[in-house]
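Structure, as structure tokens:
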Amino acid sequence: AAFGAASMQNCAASVIATVVSCPYEDQIVIDGGSKAFATDIPPNAAPLYLQGYGHIHDMPSAVLQSLSEEHGIIHVPPGHPFRIGDRVSIIPNHICSTLNLYNEAWIVNAGSVHRLPISARGHSW
């Protein structure tokens, strides 16, 4: 979405993560870090100058700002509605490399859900 290739509303893929901490009124911590989101395109760096690693689907101002291996820190507006245990849908800034981190994807289409193995995971072909 941040590349300008698609609007946030037209992004079809997201990563679901769980809120594990709300340490400050403008910050939440999720259980998804660099093992869940691609880090090959760093934020605030040339040539793209992306804002963070992704955005919460229904709250584009909420930015996935930093990652450790297992956790991500999201800057959210003060007074945000999130609580520990909430699930959040995050649109990654680079979906290609993000999908390569997973063995499977779950496809939701017109109310039906099915599993799609990512057969090219870890391959360069």
Spot the failing condition for residue 42; the list is (1) in a strand (DSSP E or B); (2) within 23 Å of residue 124 (Cα to Cα); (3) not aliphatic (A, V, I, L, M), and only one is missed.
-> (1)
Quick count over region 69-125, residues being of a type outside the set (A, V, I, L, M, F, W, C) and assigned to a strand (DSSP E or B), is 11
Might you let me know whether region 24-40 holds any residue that is over 17 Å from residue 82 (Cβ atoms) and among the aliphatic types (A, V, I, L, M)?
-> yes
If you go through region 78-85 one residue at a time, do you hit one that is at pLDDT 95 or above, surrounded by 10 or more Cβ atoms within 10 Å (Cβ to Cβ) and under 25 Å from residue 51 (Cβ atoms)?
-> yes
Could you check, for region 89-107, whether at least one of its residues is in contact with a Leu (Cβ under 9 Å, 6 or more places away or on another chain), closer than 24 Å to residue 28 by Cβ and either surrounded by fewer than 14 Cβ atoms within 10 Å (Cβ to Cβ) or polar (S, T, N, Q) (or both)?
-> yes
Applying the selection to region 45-59, what residues are hydrophobic (A, V, I, L, M, F, W, C) and part of a loop (DSSP other than H, G, I, E, B)?
-> 45, 46, 48, 50
Just one of (1) touching a Phe, Trp or Tyr at 6+ places or on another chain (Cβ under 8 Å); (2) free of Cβ contacts under 8 Å to residues at least 60 places away in the same chain trips up residue 61, so point out which.
-> (1)
From (1) modelled with pLDDT of 95 or more; (2) under 19 Å from residue 10 (Cβ atoms), pick out the condition that doesn't hold for residue 96.
-> (1)
Across region 21-75, which residue is nearest to residue 10 (Cα to Cα) among those that are surrounded by fewer than 14 Cβ atoms within 10 Å (Cβ to Cβ) and of a type in the set (Ser, Thr, Tyr)?
-> 61
Selected residue (only one of 52, 85 is under 14 Å from the mean Cα position of the chain (by Cα) and at positive phi) | 52
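Considering only region 14-31, state which residues are in contact with a Ser or Thr (Cβ under 8 Å, 6 or more places away or on another chain) and either among the hydroxyl-bearing types (Ser, Thr, Tyr) or assigned to a loop (DSSP other than H, G, I, E, B) (or both).
Once the filter is applied, which keeps residues that are in contact with a Ser or Thr (Cβ under 8 Å, 6 or more places away or on another chain) and either among the hydroxyl-bearing types (Ser, Thr, Tyr) or assigned to a loop (DSSP other than H, G, I, E, B) (or both), region 14-31 yields 14, 31.
The values are calculated or read from the model by the stated rules, or taken from the named source; none is laboratory data. Predicted model only: the values in this text are computed from it and were never measured. Cβ: placed from backbone, ideal geometry, glycine included. Neighbour counts: every protein chain shown.
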